[in-house]
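Have a look at the structure below before the remarks.
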Amino acid sequence: MRARLAASVVLFSLLISGCSRLGNELPVMLYLALVIDQDSMIETATQADFRRRIDLVVGDYRKINPNVNVQVALYRRADLIGELQRRDASDLGPDLVITDAPQAKQLITAGLTEALPKTEFKRQHTEESLWERVKLEDGRIAAQPMVIYPQIACFNRTVVKEPPTTLQALLQEGAAGARVGLPVNFSELLWTSGSLGALQSLGRAESGSRTSDEDITAILGWLTWLQRASAQRNITFFQDQGQLQNLLKQGELDWVSCNSNSLIRLGSEMGEKLGVSALPRGPAGAPSPVNSVRVLALGANSSARQRKVSLNLARFITNPMVQRNLSLQSLAFLPVNPSVALPVKSSKTLATLVQSRADSAEHEMELAQIAHHPELASIGSQTLVQLVFGTKTPRASTNSLLEALEKQP
Amino acid sequence: MSQLFWEILGWLGYLQRGAVIAQLLLIAGLSTGWQLIKPQQALQSLQPSLRLLVAPISMLLIAGLIELPGGKTGLVSYAGLSWLGWNLLTLLNQLLLLIIPESSVHQLESRLLRPIYIAVVGVNLISQFDNPDDLGVIKLGSLFGETLTINNLITALIVSYLLLVGTKLPAAGMAWMLQKLLNCSNSSRKALNLIIRYLVVGIGITAVGFHIGLNSTALVAIAGGLSVGLGFGIKEVFSNFISGIWLLFEGSVRPGEILMVDEDPCEVRKLGLRATLLWRVRDNAELLIPNQMFFTDQAISYTATDSLRRSEIRIGAAYHHDPHAVLRLLETTARTVPRVLHQPAPKAFQVQYGDSAIEYSLRYWIADPMTNMSVVSEVNQAIWTAFKREGIEIPFPQRVNTIREIPAIRTETGAADTPPGSPH
């Protein structure tokens, strides 16, 4: 009995040490953790959708490196850190993590991912403003930006024949019977502050500069417009864009602000009825859409070989040709590589996405200051809820916002 | 299906990592070392329950020590915890033995606790390197036009298993409550228990069917398949199943009933889906009889309307005893036997003038039909004692032969034409 057990252990040891020795000849397996959209559940359809997106990247990479295999595991955003901590305890964490920029920073702070080696990356392959989103205070880069998901307007073409290009037109569309949905989430509603001229004032408040009367008037004007809009019969505020998109899909709403990330699923459900446009401008000019970024972070548990291939893949995805193909094949996201020119005339959706990126670029500095602070987003959302439900006046809401902005580090 | 296969195969890729291999080797080494060293002998002084905890706790401690300087031993800790949990189940088993019969504990442990534990440990193990939520939605194929995922399949299997295995105790509890509320008999309680179980299992299996995509079209398809199957292969199975349900509702063959099978009283122990389990007291045998036998054949029951059984003893007394005195003595004697009921009262009859004795029949009633043989024995002993005391003779068989004439010696010549005993 003892001899048999000892023999089994020796055999087992030889087997797995043999496997590791053969590593250089065997295919490389990369483990990829992918965060799904905030409003999605892990379902068969979601899985198919996200795996298709990953295939867009990995498929091309495998044409050059056929010995590389990628195993994808989907996670809900709220569960990711806990689950990766569990995996990390056994050194079984993923080699790559695809998530949004704020969470990439949380992951590296928690020791679940590692910083990008600065010297190895071609910085010119990624928009400079995007590096700022993934840069930590100590200068480390948390992840490689992959694609941009612009914030746009989605609507039901059978009801909204011509998408409103201004906020005034949006109110008129509502008055004419179209059911308009807006999010009460601070970051997702911030686009209206650009159209109504309050974003610069918010930025000044955040930067610690003394706010002038004009700034207060601008913020007050923005919040007053929001409260008046909520009083309109056909304009309703909902928790977030995820809810808006579901209601649009179900035919409960006709015009909503949405994220291009959802276009593939909305398109498959709504078909030809789905229309997209840039968010409406306002009296102060272009809107300030908050475009989210998908980033690729390097897991902390990779073997040397897995890390080498991961870095290679991370470099590969910013390649201009790959970035262009990603955008053209998906028609849902934009490249992070500034040198990629998209044929906007070939697709109205692409033109809309590019327009949104341009609108966002107009307010780049202020958005970078305000749009990506989780604490500010939380306080701002609470203030907006009270405002649109009429329990707080625009004046009181302005004061709350200014107080929250001034507290920002 | 292929996606699941590649997913599982892909897990082998973790062997590219040194720390993973080291953990696996440590787990294998520690568990094998424990078997090889056999430290149980050194732990004789410890209580058996504590001895069970030594190995897994040692594994956890070793994992903790390696983690102190920054090593990663999550898998080792997990193996230690799983081992500890497994051994704790053994301790739980010993505790349950104090309050539940051994057979029930064994069933509970082997059919419910251990399988659930293995499933939980397995799913948790997968979550150490993959996301079970994501794996669960992998499409395995289509069933009745609906997508069948791993989650659907596993849920269906677990729910069906729990329905079949785990409803025994709740159904028994509910039947007990109903018995108290309705004041019904024990056999009715057992029948209620079965009916509740069949109902819960039936509804549950239907719900599971709908969960995995069963719909009206699928039902028609299944019904079509069943009709063919019923006509050929599973006719007997279905017949037994329906007979069992019918008998249960009819109440003639319920657990606790006493039936005569091949002239032996047998108690119904269990009415199963296919067969009924009966206990024969004569030789403590358990008989498995297909339900349809009771449905189609004649059966004698001692418990259909009441559980009394009338028994009879036949005895002869010599001709010279007064039949009135014998009848009185038999009835009085029967009353002295404790398990003979006084009401209906024992009754003796003079039934026949036999060759050697006058034959009497003593008929009496007993409460438990299964004890007939032992009561017969007691009554017979009491009669023998009473007859001896009263001087009543139980005669041996007697035959009086009268020789009317001695036959002549037969000769060879006269033998052919002279009948024996005839005058010459």
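The values are calculated or read from the model by the stated rules, or taken from the named source; none is laboratory data. Computed from a predicted structure; not experimentally measured. Every residue, glycine as well, gets a Cβ built from its backbone with ideal geometry; the counts of neighbours run over all protein chains shown.
Things to note:
- In the condition set (1) more than 7 Å from every other protein chain (Cβ to nearest Cβ); (2) surrounded by 14 or more Cβ atoms within 10 Å (Cβ to Cβ); (3) modelled with pLDDT under 90, B:Gln16 is compliant with all but (1).
- Of the residues making up the range B:311-327, not a single one is surrounded by 16 or more Cβ atoms within 10 Å (Cβ to Cβ), modelled with pLDDT under 90 and not polar (S, T, N, Q).
- Residue that is at pLDDT 65 or above and at the interface with chain B (Cβ under 10 Å from one of its Cβ atoms), where the choices are A:Ser90, A:Ser20: A:Ser90
- Members of the range B:99-110 that are under 16 Å from the mean Cα position of the chain (by Cα) and either in a helix (DSSP H, G or I) or of a type in the set (S, T, N, Q) (or both): B:Glu102, B:Ser103, B:Ser104, B:Val105, B:His106, B:Gln107, B:Leu108
- Residues that are among the β-branched types (Val, Ile, Thr) and not in a helix (DSSP H, G or I) were ranked within the range A:65-107; the one that is nearest to the chain's Cα centre (by Cα) is A:Thr99.
- Answer from A:Gln250, A:Gln245 - the residue that is among the polar types (S, T, N, Q), more than 21 Å from A:Val344 (Cβ to Cβ) and free of Cβ contacts under 8 Å to residues at least 40 places away in the same chain: A:Gln250
- Any hit, the range A:37-57, residues being facing chain B (nearest Cβ under 9 Å), part of a helix (DSSP H, G or I), closer than 25 Å to A:Ala304 by Cα and at pLDDT below 85: no
- Subset tally (residues that are assigned to a loop (DSSP other than H, G, I, E, B) and in contact (Cβ under 8 Å) with a residue 24 or more places away in the chain) for the range B:44-63: 0
- Residue check for B:Gly225: surrounded by 14 or more Cβ atoms within 10 Å (Cβ to Cβ) and assigned by TED's automatic domain parsing to the domain that holds B:Thr155: no
- Any hit, the range B:64-71, residues being in the same structural domain as B:Leu26 (by TED's automatic domain parsing), in a helix (DSSP H, G or I), closer than 12 Å to B:Ile27 by Cα and aliphatic (A, V, I, L, M): no
- All positions within the range B:119-133 that are of a type in the set (A, V, I, L, M), without any contact (Cβ under 8 Å) to a residue 24 or more places away in the chain and out of contact with any Pro (no Cβ under 7 Å at 6 or more places or on another chain): B:Val120
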